[in-house]
Each structure stands twice: as structure tokens, then as C-alpha cells.
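In what follows, a single structure is set out as C-alpha cells and then discussed.
The values are calculated or read from the model by the stated rules, or taken from the named source; none is laboratory data. Note that the structure is a prediction, hence the values are computed from the model and not measured. So basically every Cβ, Gly included, is an ideal-geometry build from the backbone, and we count neighbours across all protein chains shown. Surface accessibility is based on the protein's heavy atoms, side chains included, excluding ligands, DNA and RNA. Shrake-Rupley method; radii C 1.70, N 1.55, O 1.52, S 1.80 Å.
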Amino acid sequence: LHDALPICFEAVRNKLIIAMLYHTGMRRAELIGLRDTDVREGEIKVTGKRNKQRLIPYGEELSQMIAGYRQARKESCGDDCGFFFVRENGEPLYPQLVYRVVNGSLSKVCSLDKRSPHVLRHTFASAMLNNGATLNSVKELLGHHSLASTEVYTHITFEELKQSYNQAFPKRKS
């Protein structure tokens, strides 16, 4: 047979960091704090602000990436890491590392001035709202205490509505 190419642990991990932030809308601190037992089949138990816990569902694409990451992590660091996301030495991530991973990845694909983990959270919320999710369900997924905190994500939806209105609403001919 052929020799398998070695799996680059760091590349697999970094790709999953981006995907998990985008697919779940979790905060950077929540991602760093994930324990291995928090990431289950189809759901992630997240500990948010004020130690409030919530479950975030996820789909097949993320599920496959998680399985690939777990395999790469096992080959690189062994089985008993405790934290879900770790560095190659088995130690947990730290905030600046996650920021650098996100900033570096986003700088390759977009020209936004802000390229932080929070941008992915914002994108998640906006995508959910733009595709029919209720404000209350997005509030729960993001772990917000009040609906007012979630409403800041509705401006893109409103801008799209305004643009559609201006394009489609019949104008009176003068």
C-alpha cells in the first residue's frame, strides 16, 4: 500500500477552531474552556458567562471535523488531554493563540478590518437570523441573558430588508 501523509495536528486543530466558532457562535473563552467530555455526538455543552451552561447542536460537517481532530490530537498528544482544544504539548489554548488563528485565517478570505473570533460569532448570529431562526432561539444559542443583547445582530437583517424594499417597492412615476 502507500504511506499515509502525516496529519498536521496544528492545521487540523486551527481549521476546527474556525469551523466551531462559525458553526456554533460560541465565545472565544467558551471554546478555550471546552473539556473533552463537553463535545458529544451532535451537541456541545458550553459553559458561558456567570458559569451558565447551555447545549449547542451541530451538524454532520462539524461532526466529521471533530472526529478528524480527535484522531490527530490522539496521534500528537495522546488520549488524556482533559481540554478539548490543546496545543501540540497537550496544554490548553490561550486567548491570543485563538485570536491569531482566526485573524490569520480571515485575512486570507476577507478584507474586513475586524478579524476576531467575535466576528465569527456575529456572522453565526446574522446567518441564523437571515435564514429564519427566531430571535429567541438565537438568544439561547448565543447564551445571552437578555433579548436586547441579541438584537444587536438584527441590523444586517434590517439592512437587507431595507435594500429589498428599495429595489422592489413600486415607485410612483413623476
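Below is a table of values for the structure above.
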item: Residues of the stretch 28-40 that turn out to be at pLDDT 95 or above, out of contact with any His (no Cβ under 8 Å at 6 or more places or on another chain) and among the charged types (D, E, K, R), as a count; result: 4
item: Residues being among the small types (Gly, Ala, Ser), touching a residue at least 40 places away in the same chain (Cβ under 8 Å) and closer than 14 Å to residue 36 by Cβ - total across the stretch 75-118; result: 1
item: Filter result for residue 70 (in contact with a strand residue (DSSP E or B) (Cβ under 9 Å, 6 or more places away or on another chain), under 25 Å from residue 146 (Cβ atoms) and surrounded by 12 or more Cβ atoms within 10 Å (Cβ to Cβ)); result: no
item: Residues satisfying the stated conditions in the stretch 34-64, i.e. under 22 Å from residue 15 (Cβ atoms), part of a helix (DSSP H, G or I) and open to solvent by 40 Å² or more (accessible area, probe 1.4 Å); result: 36, 60, 61, 64
item: The stretch 118-136: number of residues that are of a type outside the set (A, V, I, L, M), more than 16 Å from the chain's Cα centre (by Cα) and open to solvent by less than 60 Å² (accessible area, probe 1.4 Å); result: 1
item: Residue in the stretch 79-117 that is least open to solvent (accessible area, probe 1.4 Å), counting only those that are modelled with pLDDT under 85 and of a type in the set (Lys, Arg); result: 115
item: Residue match in the stretch 144-153 (condition: touching a residue at least 40 places away in the same chain (Cβ under 8 Å) and touching a helix residue (DSSP H, G or I) at 6+ places or on another chain (Cβ under 6 Å)); result: no
